[in-house]
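Since every read-out is calculated from the coordinates, none of them should be taken as a lab result. Quick caveat, the model's predicted, so the values are computed rather than measured. Glycine also receives a Cβ, built like all others from the backbone with ideal geometry; neighbour counts cover every protein chain displayed.
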């Protein structure tokens, strides 16, 4: 199954929880979409989204920090690649 978000910190949470980031895409000039795939045995990302915004989810701080760094690196590499082709 697939899920997409443009929220960098929510995308980082999904990555920290083991969801697989498969691609990034331009939504518009200012927004990038982070596309994830997940299996049936993982929670629906919409449920996690609700828990995230209700401040009702726990994740290891180091794992989350590493996920933020990884997302930012992927975003930088994506932006650099796409800007150089324009």
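I'd like the full set of residues that are surrounded by fewer than 17 Cβ atoms within 10 Å (Cβ to Cβ) and within 11 Å of residue 59 (Cβ to Cβ), limited to the stretch 11-23. Break it down into steps so the answer makes sense when it comes.
Step one: filter the stretch 11-23 for residues surrounded by fewer than 17 Cβ atoms within 10 Å (Cβ to Cβ), giving 18, 20, 22-23.
Hit for the stretch 11-23 is 18, nothing else.
When you go through (1) in contact with a helix residue (DSSP H, G or I) (Cβ under 7 Å, 6 or more places away or on another chain); (2) surrounded by 15 or more Cβ atoms within 10 Å (Cβ to Cβ); (3) touching a residue at least 40 places away in the same chain (Cβ under 8 Å) one by one for residue 8, which number turns out not to apply?
Result: residue 8 fails condition (2) only.
Going by the structure shown, is residue 65 surrounded by 12 or more Cβ atoms within 10 Å (Cβ to Cβ) and more than 11 Å from the chain's Cα centre (by Cα)? Don't jump to the end; show me each part of the working.
Numbers: surrounded by 12 or more Cβ atoms within 10 Å (Cβ to Cβ): yes; more than 11 Å from the chain's Cα centre (by Cα): yes.
Criteria met by residue 65.
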